[in-house]
């Protein structure tokens, strides 16, 4: 009797015990604030201030959630979101676009390129809670 070949599951189907989050923003202040906001949480938090570095982190860590600044200088968050959602490997990754101002047209554009949600800056733990398994605490 022939034994069935072993199937190696791609990264999206391998369960991580620790939630992994990636924040992409060209503002050092935003990234430092997020780091401080989430330092006590039991999730892996990755930060990137460039799109290229972010793509390397996505490929290496396969985060469950990616938070992308819509106004990235090299490639807009809208384009990066669409690029990731077009790739079957990353289609299931939840993407949240970060807008610098509340705008119905920008919110509609974000959802049309595949974003799962939109958050307007500034934000705190209260705004992150629906997307992340937080251990508690107040919004910063």
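Laboratory data are not the source of any read-out in this text; all were calculated from the coordinates shown. Worth saying up front: this structure is predicted, and the values here are computed from it rather than measured. A quick note on method: Cβ atoms are made from the backbone with ideal geometry, for glycine too, and the neighbour counts reach across all protein chains shown.
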Q | Identity of the residue in region 21-40, in contact with a strand residue (DSSP E or B) (Cβ under 9 Å, 6 or more places away or on another chain) and part of a loop (DSSP other than H, G, I, E, B), that ends up farthest from residue 119 (Cα to Cα) | A | 39
Q: Might you let me know whether region 52-60 holds any residue that is out of contact with any strand residue (DSSP E or B) (no Cβ under 8 Å at 6 or more places or on another chain) and either within 20 Å of residue 122 (Cβ to Cβ) or in contact (Cβ under 8 Å) with a residue 60 or more places away in the chain (or both)?
A: no
